[in-house]
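The values are calculated or read from the model by the stated rules, or taken from the named source; none is laboratory data. These numbers come from a predicted model, not from an experiment. Heads up, the Cβs are rebuilt from the backbone with ideal geometry, glycines too, and the neighbour counts pull from every protein chain shown.
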Amino acid sequence: MNAELRNLYQEVILDHNRHPRNYATLATPCAHAKGHNPLCGDKIDLYLNIDDQQTIEKVSFTGEGCAISTASASLMTEAIKGKPLTDVMALFQTFHQKLTLADELLSKESHQIPLGKLEVLLGVKEYPARVKCATLAWHTLQSALENQDKVVTTE
Ligand code: ZN
């Protein structure tokens with residue numbers, strides 16, 4: 001990554017940290033989960049509304065954490081809003097793989113799914129402790145979706 005691109009990515013992260021998007025609670029979420037990254041102290045509450053078509057209708061978060069965790073949560077809400085859950089999980093898989101695996105180990109599918117703005121977070125790959133900050137929101141999302149499934153099966 002060249003210096004110019006790195007600076008641009010840094011700017012996007014700082015902007016999302018200073019002005020997090022979708023930073024709010026939802027009055028009547030159909031799914032909610034808490035996430036905690038004890039290594040860094042990041043905390044997040046994630047709220048979701050999912051419609052009948054299994055599409056993320058609304059998503060928001062609150063929390064306190066480092067710039068990477070806040071920016072990542074903010075970028076995630078923008079990336080997943082209005083998307084079907086199947087696309088969202090594919091996006092998470094690709095994002096997670098690109099943050100944790102060497103390039104030659106990436107699956108074929110992961111090259112076909114564009115990360116869009118989430119690319120700006122891939123720089124943390126060089127700092128393994130920070131990877132947990134960047135993926136906290138996504139793990140919290142996964143847990144919210146799993147809880148939602150539980151509610152659905154007991155009804
Ligand atoms: Zn952190």
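When region 8-31 is filtered for residues that are within 14 Å of the chain's Cα centre (by Cα) and closer than 14 Å to GLU57 by Cα, only ASN22 remains.
Scanning region 37-62 for residues that are in contact with a helix residue (DSSP H, G or I) (Cβ under 7 Å, 6 or more places away or on another chain) and within 16 Å of the ligand (Cβ to nearest atom) turns up ASN37, LEU39, CYS40, ASP42, ILE44, LEU46, PHE61.
Here GLU78 passes the criteria (1) of a type outside the set (Phe, Trp, Tyr); (2) surrounded by fewer than 18 Cβ atoms within 10 Å (Cβ to Cβ); (3) more than 10 Å from the chain's Cα centre (by Cα) except the one numbered (3).
Checking each residue of region 110-121 against the condition of being modelled with pLDDT of 95 or more, within 14 Å of the ligand (Cβ to nearest atom) and out of contact with any Pro (no Cβ under 6 Å at 6 or more places or on another chain) gives at least one match. Take LYS43 and decide whether it is over 19 Å from ARG130 (Cα atoms) and not hydroxyl-bearing (Ser, Thr, Tyr). So LYS43 fails the test. Checked against the criterion of being touching a residue at least 24 places away in the same chain (Cβ under 8 Å) and under 27 Å from ALA129 (Cβ atoms), the candidates THR100, THR25, THR94, THR86 yield just one match: THR100. Apart from one condition, GLN93 fits all of (1) within 16 Å of the ligand (Cβ to nearest atom); (2) within 12 Å of the chain's Cα centre (by Cα); (3) farther than 19 Å from PHE61 by Cβ; the exception is (1). Out of (1) within 16 Å of the ligand (Cβ to nearest atom); (2) farther than 28 Å from THR28 by Cβ, the odd one out for TRP138 is which? Checking TRP138 against (1) within 16 Å of the ligand (Cβ to nearest atom); (2) farther than 28 Å from THR28 by Cβ, the one that fails is (2). Within region 107-145, being without any contact (Cβ under 8 Å) to a residue 60 or more places away in the chain and of a type in the set (Asp, Glu) holds for GLU109, GLU126.
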